[in-house]
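Note sheet for the following structure.
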């Protein structure tokens, strides 16, 4: 049985982790929201390698870092599952399909003249991505905002985030949680 405070969960081998995230990377269209939804479905719901709070924790830790939050979340979860080798393999496997597809798409788009159907297709994709992002955020919010205080923090963060840099919102919410300690989930 694993100790409660052990950060690593050796529930999968590195090859399986890499293959799983290579497949997810090939279908993680839509940015962070779609990535979170895919990670939730595959790593939590289907494989039971992680708990829902692991994804929320990964998002909280990595949101303060510069760069692609989705890739950072994947690397954090890889670390959670298999330590540093898991982080490296998860991150590399997840990014590889996107890098290859982006290179091919850029070359194809450069070869095609500016056509109305291309602009229409891109507009449709953008709207679908926003819908996926909203859906993933809703699922995360429902699972993490337990109690009145956390619901208030969720709504306040959403409102304040419109006007203030996300890093400041995350730091402020973390400080509030530290001040309230264990009482934050009780209320």
If one takes the longest principal axis of the Cα atoms in the chain, at what angle in degrees, from 0 to 90 and to the nearest 10, does the Cα axis of helix 52-62 lie?
-> 80
Listed residues 154, 21, 132; largest mean-square fluctuation, Gaussian network over the chain with Cα springs below 10 Å, found at 154
Residue with peak Gaussian network fluctuation, the chain [Cα springs, cutoff 10 Å], from 37, 121, 134 | 121
Segment 135-184: C-alpha gyration tensor shape, a/c 1.5 cut-off, then a/b vs b/c = oblate
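State the three equivalent ellipsoid semi-axes of segment 53-154, derived from the C-alpha gyration tensor as the square roots of 5 times its eigenvalues, in descending order and whole Å. Let's see the in-between values first.
On the way: eigenvalues 202, 100, 16 Å².
Gyration-tensor ellipsoid for segment 53-154: 32, 22, 9 Å.
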Mind pulling the angle between the C-alpha long axis of helix 69-111 and the longest principal axis of the chain? Nearest 10 degrees, somewhere in 0 to 90.
-> 20
GNM on the chain, Cα springs under 10 Å; top mean-square fluctuation among 11, 35, 69 goes to 11
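If you wrap a convex hull around the C-alpha atoms of segment 1-99 and split its volume per residue, what is the figure in Å³?
Details: hull volume 9.1 nm³, N = 99.
Normalising the Cα hull of segment 1-99 by residue number yields 92 Å³.
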How many nm separate the modelled label positions at residue 176 and residue 45, each set 7 Å beyond the Cα in the direction of the Cβ?
-> 2.9
Could you pull the Rg and Dmax for the chain, using just the Cα atoms, both in Å?
-> 18.4, 60
Using alpha carbons only, how many degrees (0 to 90, rounded to 10) separate the axis of helix 166-180 from the longest principal axis of the chain?
-> 20
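Mean residue ellipticity at 222 nm from the helices of the chain, using -39,500 (n - 2.57) per DSSP H segment of n ≥ 4 over the full residue count, to the nearest 500 deg cm²/dmol? Let's see the in-between values first.
On the way: 7 runs with 133 residues, N = 187.
Value at 222 nm, helices only: -24500 deg cm²/dmol.
Given 0.36 nm per residue, what is the gain on full extension from residue 26 to residue 151 after removing their alpha carbon distance, in nm? Don't skip to the answer; put the middle values down first.
Details: separation 125, 0.36 × 125 = 45.00 nm, distance 3.41 nm.
Difference between extended and current length: 41.6 nm.
Values in this text are rule-based calculations from the coordinates and carry no lab data. Everything numeric in this text was worked out from a predicted model, so none of it was measured. Backbone-built Cβ (ideal geometry, glycine too); neighbour counts: all protein chains shown.
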